[in-house]
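The values are calculated or read from the model by the stated rules, or taken from the named source; none is laboratory data. Quick caveat: nothing in here was measured; it's all calculated off a predicted structure. Quick reminder, even Gly has a Cβ in these numbers, built from the backbone with ideal geometry, and neighbours come from all protein chains shown. To get the accessible areas, we keep the full protein, side chains included, count just its heavy atoms, and leave off ligands, DNA and RNA. Shrake-Rupley method; radii C 1.70, N 1.55, O 1.52, S 1.80 Å.
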Amino acid sequence: MKEDVLILAIESSCDETAASVVKNGREVLSNVIYSQIALHTLYGGVVPEIASRKHIEKINQVIEQALADANVTLKDITAIAVTYGPGLVGALLVGVSAAKAISFATGIPLIGVHHIEGHISANYIENKELEPPFVCLVASGGHSHLVVVKDYGEYGIIGRTRDDAAGEAFDKVARAIDLGYPGGPKIDKLAKEGNPNAIEFPRAKVGDNEYDFSFSGLKSAVLNYLNGCQMKGIPVNRADVAASFQKAVIDVLVEHSIHAVKAYGFKQFAIAGGVASNSSLRGAFEERCKKEGIAFYHPSPIFCTDNAAMIGAAGYYEYLRGVRSGYDLNAVPNLKLGER
Ligand code: KG4
Ligand code: ZN
């Protein structure tokens with residue numbers, strides 16, 4: 001019988017300090033997330049220096065908790081996987097340093113993992129039958145990518161945002177209608193009370209690549225609409241703005257994604273990243289994929305936003321591919337997917 005592979009995974013690229021133990025890539029034995037959101041809410045967004053300091057304060061505690069929850073010790077761990085980019089450099093460095101220190105002290109192999117590869121791999125946790133190849137839409141606070149997952153650890157980016165990421169647009173529009181940070185979940189909730197067809201916001205097309213996205217025009221259209229209302233003394237229905245904005249984002253994400261799945265001839269499609277936890281987005285993809293005969297996969301919301309279990313899933317497949325990192329592993333804030 002093959003021996004179990006237990007990955008201790010660490011994630012600290014933004015404002016979540018997280019650690020997890022994952023068995024054989026798909027079974028989450030523990031998933032500890034210390035969220036700093038409440039702290040950053042005070043400033044209306046993530047303050048990098050505060051994030052780094054909080055990571056330092058919490059990292060050891062979170063790792064110990066992840067081992068305890070999984071009922072294992074470091075002696076049981078096969079490899080340590082850690083996010084080394086992309087993300088905030090000071091934040092990334094905390095996780096990378098902790099992982100290197102444990103690896104150095106124990107001799108457990110170290111594996112640097114790409115944050116986006118982690119988001120994509122979150123789909124493996126609850127969808128045991130899902131295997132590459134498939135198309136994945138990654139929509140988070142920092143990224144909006146359409147990715148062809150050719151095989152485990154092999155990716156081709158076919159579309160990306162030209163300006164704002166989808167999550168960034170959610171956060172900016174939320175701020176404009178005084179919902180606070182982080183905007184995604186708040187718009188998601190408020191939109192349920194609004195009419196998605198109340199205001200006609202633009203659906204941007206990017207001329208030279210049909211799979212690319214652009215959300216800054218939409219954000220400006222929302223700001224212009226709000227300014228116009230203010231100037232004319234018309235009261236703003238915030239729920240209608242939230243619902244109409246959200247619909248505009250979802251329409252574009254769905255159209256481009258389904259077009260890519262069909263054009264590349266795949267029968268499987270997955271979503272990932274914080275925005276993938278949006279309830280209307282999930283509903284829209286569910287419906288459209290059913291109509292098109294495409295199998296649709298998505299992680300539970302807790303595995304959509306930043307967590308370490310997804311890094312453990314990705315780390316497992318990198319481990320099987322023979323990937324090992326040295327003690328010179330460094331944080332790479334703008335790391336490209338597929339690069340090492
Ligand atoms: O993946 P994530 O946790 O961090 C990054 O890697 O960026 O994504 C965070 C982003 C934020 O912009 C947040 O507003 C957005 O995901 N988000 C949502 C929802 N939950 C989180 N956007 C729309 N609807 C949601 N329910
Ligand atoms: Zn993320």
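Brief remarks follow.
- Of all lysines in the structure, the ones whose alpha carbon falls short of 25 Å from that of residue 128, not counting any fewer than 8 places away in one chain, are 2, 23, 150, 262, 267, 290, 291.
- Taking a ≥ b ≥ c as the square roots of the eigenvalues of the Cα gyration tensor, an a/c ratio of 1.5 or more together with a/b no larger than b/c marks segment 44-163 as oblate.
- Listed residues 14, 136, 229, most fluctuating in the chain (Gaussian network, C-alpha, under 10 Å): 229
- When the convex hull of its Cα atoms is projected in every direction, mean area for the chain (nm²): 17.5
- Sparsely packed GluC sites (Glu not before Pro) within segment 1-59, loop by DSSP, other Cβ within 10 Å at most 16: 3
- Cross-link partners of residue 75 among aspartates and glutamates (Cα-Cα below 16 Å; sequence separation of 8 or more within a chain): 3, 4, 64
- Degrees between helix 166-176 axis and first principal axis of the chain (Cα, 0 to 90, nearest 10): 50
- A simple count of charges around residue 179, restricted to other residues whose Cβ falls under 13 Å of its Cβ and scoring Lys, Arg +1 and Asp, Glu -1, yields +1.
- Of all accessible heavy-atom area on the chain, the percent that carbon and sulfur account for (1.4 Å): 52
- Here is the list for segment 72-168: trypsin sites (Lys or Arg not before Pro) lying in DSSP coil, each with at most 10 other C-beta atoms within 10 angstrom of its C-beta, are 128.
- For the set 64, 200, 318, the ranking by accessible area, highest first and with no ligand, DNA or RNA atoms included, is 200, 64, 318 under a 1.4 Å probe.
- For the chain, the per residue solvent-accessible surface stands at 43 Å², with DNA, RNA and ligands left out and a 1.4 Å probe.
- Exposed loop sites are taken as chymotrypsin sites (Phe, Trp or Tyr not before Pro) in a DSSP loop (any state but H, G, I, E or B) with at most 13 other beta carbon atoms within 10 Å; the longest stretch of the chain without one runs 44-326.
- Within segment 132-299, antiparallel bridges make up roughly 60 percent of the DSSP beta bridges whose residues both belong there.
- Full-stretch length increase - residue 231, residue 71 - with 0.36 nm per residue and alpha-carbon distance subtracted: 51.5 nm
- With Cα atoms, 0 to 90° folded angle of helix 216-232 axis to the chain main axis: 40
- Neighbourhood charge, 11 Å Cβ-Cβ cut-off, centred on residue 128 and excluding it, Lys, Arg +1 and Asp, Glu -1: -3
- Rel. contact order, % - alpha carbon contacts under 8 angstrom, at least six apart, the chain: 25
- Local electrostatic count at residue 223 - Lys and Arg +1, Asp and Glu -1, tallied over other residues with Cβ under 12 Å: +3
- Nearest-ten-degree value, helix 115-126 long axis tilted from longest Cα axis of the chain: 80
- Structure-based [θ]222 nm, the chain - -39500 (n - 2.57) summed over DSSP H runs of at least 4, per residue, nearest 500: -14000 deg cm²/dmol
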